[in-house]
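The values are calculated or read from the model by the stated rules, or taken from the named source; none is laboratory data. What you are looking at is a predicted structure, and each value in this text was computed from that prediction instead of being measured. Note that we place each Cβ from the backbone using ideal geometry, even for glycine, and neighbour counts take in every protein chain shown.
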Ligand SMILES: Nc1ncnc2c1ncn2[C@@H]1O[C@H](COP(=O)(O)OP(=O)(O)OP(=O)(O)O)[C@@H](O)[C@H]1O
């Protein structure tokens with residue numbers, strides 16, 4: 001039996017089915033992200049797990065106990081909201097201790113636990129400061145501290161890094177991962193940020209329209225997306241439709257509106273059959289002479305600091321994007337350059 005299990009859960013709002021037959025098994029100590037676009041049902045799922053909302057169908061188990069209809073306070077599940085829901089006029093210490101308000105804990109134990117948590121979330125010098133005098137990142141840590149002091153069996157994080165600016169967010173992602181590893185707390189994190197999910201998770205569940213479309217490790221969902229939606233949602237992809245004209249041992253030829261694309265993989269494709277396929281920009285290399293290659297002209301270059309995204313127009317106006325790591329000035333690609341590219345791999349659907 002798994003540590004945390006959701007079994008065929010469905011939920012309606014005003015007669016609309018917003019969660020459809022959701023099932024998941026989560027191992028103890030793992031960090032699982034639920035990734036999906038706005039409105040797909042992520043928050044509703046978290047509310048159901050925490051007990052704020054009721055399920056219409058299905059069952060939920062935590063540590064072998066059914067908790068489907070258990071009251072919130074009996075579940076020992078902590079939920080951190082996007083806006084943290086802290087008390088702004090209270091101190092860091094008071095906010096964190098609030099997590100223990102329904103627990104019978106002696107004052108001595110309380111101060112011991114507080115000290116431990118303050119050290120985990122690195123807020124030692126702010127213990128007595130009011131929350132409204134803290135930065136966004138510090139508030140995030142208070143919210144985490146308030147959840148962690150409960151020693152919950154499950155930690156639910158609802159887009160909790162959303163309120164932070166990019167730099168702080170990246171810093172907090174690292175801290176969150178570190179805290180999760182240190183405490184070994186089983187965590188369910190919801191986000192619509194694919195980079196965040198890839199970086200933090202042991203497992204990712206991709207959701208769309210109330211359904212979990214794919215579950216897997218970050219590598220699995222990125223490299224073997226189940227469908228085009230997942231391929232496009234998790235990372236960049238050049239998407240084409242075309243008919244396979246030739247399949248060789250090392251490569252295949254695909255006709256995209258009269259433009260022949262050469263791809264260095266064959267994936268058991270059938271000649272004459274039409275496929276939708278998606279090529280990751282980093283699977284395309286610029287080559288000197290080695291064939292089979294595709295030829296095109298550089299139309300656009302987007303500078304990204306450590307890399308550039310180049311948009312290449314092939315002979316018949318098909319456009320394809322590739323990644324170039326920042327090169328020396330002499331090797332730099334420029335708009336108007338005629339280049340040869342090798343497509344190393346593609347995902348076919
Ligand atoms: N209390 C409610 N009453 C009626 N419909 C609701 C209620 N809460 C959410 N919904 C609807 O249920 C669907 C799922 O909403 P939910 O908030 O779970 O999505 P989400 O994936 O968390 O979105 P976001 O990323 O924007 O927060 C949406 O269509 C939403 O409009």
Does residue 81 satisfy the condition of being under 27 Å from the mean Cα position of the chain (by Cα), surrounded by 15 or more Cβ atoms within 10 Å (Cβ to Cβ) and more than 16 Å from the ligand (Cβ to nearest atom)?
no
Using the structure shown, decide if residue 185 is within 16 Å of the ligand (Cβ to nearest atom), within 30 Å of residue 208 (Cβ to Cβ) and either assigned to a loop (DSSP other than H, G, I, E, B) or in contact with a helix residue (DSSP H, G or I) (Cβ under 6 Å, 6 or more places away or on another chain) (or both).
no
What are the pairs, 6+ residues apart or on separate chains, where a residue within the stretch 40-61 that is under 18 Å from residue 155 (Cβ atoms) and modelled with pLDDT of 95 or more has its Cβ under 7 Å from a residue that is in a loop (DSSP other than H, G, I, E, B) and away from the ligand (no atom under 12 Å from the Cβ)?
48/55; 51/70; 51/71; 60/67; 60/68; 61/67
Taking the stretch 64-83 only, how many residues are closer than 25 Å to residue 210 by Cα and touching a residue at least 24 places away in the same chain (Cβ under 8 Å)?
8
Checking the structure you have, find out if any residue of the stretch 65-74 is assigned by the TED database to the domain that holds residue 116, within 15 Å of the ligand (Cβ to nearest atom) and touching a strand residue (DSSP E or B) at 6+ places or on another chain (Cβ under 7 Å).
no
Collect the residues in the stretch 20-38 that are modelled with pLDDT of 95 or more, out of contact with any helix residue (DSSP H, G or I) (no Cβ under 6 Å at 6 or more places or on another chain) and within 16 Å of the ligand (Cβ to nearest atom), keeping them in residue-number order.
20, 21, 22, 24, 32
Looking at (1) surrounded by fewer than 12 Cβ atoms within 10 Å (Cβ to Cβ); (2) part of a strand (DSSP E or B), find the lone condition where residue 312 falls short.
(1)
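Kindly indicate whether residue 89 is within 28 Å of residue 178 (Cα to Cα), surrounded by fewer than 19 Cβ atoms within 10 Å (Cβ to Cβ) and more than 16 Å from the ligand (Cβ to nearest atom). It would help to see each step written out before you state the result.
On the way: within 28 Å of residue 178 (Cα to Cα): no; surrounded by fewer than 19 Cβ atoms within 10 Å (Cβ to Cβ): yes; more than 16 Å from the ligand (Cβ to nearest atom): yes.
No: the conditions fail for residue 89.
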Of all residues in the stretch 193-223 being surrounded by fewer than 18 Cβ atoms within 10 Å (Cβ to Cβ) and at pLDDT below 95, the one that is nearest to the ligand (Cβ to nearest atom):
193
Taking the residues in the stretch 152-182 that are part of a loop (DSSP other than H, G, I, E, B) and closer than 14 Å to residue 79 by Cα as candidates, determine which candidate is nearest to the chain's Cα centre (by Cα).
159
Where a residue in the stretch 18-29 is more than 16 Å from residue 217 (Cα to Cα) and its partner, wherever it lies, is in a strand (DSSP E or B) and more than 16 Å from the ligand (Cβ to nearest atom), with Cβ under 6 Å and at least six apart:
21/8; 23/7; 23/8
Hey, can you tell me all the residues within the stretch 224-239 that are surrounded by fewer than 19 Cβ atoms within 10 Å (Cβ to Cβ) and more than 11 Å from residue 347 (Cβ to Cβ)?
229, 236
Of the criteria (1) away from the ligand (no atom under 16 Å from the Cβ); (2) assigned to a loop (DSSP other than H, G, I, E, B); (3) at positive phi, which one residue 8 fails
(2)
Given (1) surrounded by 16 or more Cβ atoms within 10 Å (Cβ to Cβ); (2) at positive phi, where does residue 49 come up short, assuming only one miss?
(2)
Within the stretch 63-70, identify whether any single residue is assigned to a strand (DSSP E or B) and under 30 Å from the mean Cα position of the chain (by Cα), and answer yes or no.
yes
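Filter the stretch 62-90 for residues that are farther than 30 Å from residue 131 by Cα and modelled with pLDDT under 95 and give the result. Before you say what the answer is, go through the steps one by one.
Within the stretch 62-90, the subset farther than 30 Å from residue 131 by Cα is 62-70.
Passing the criteria: only 64.
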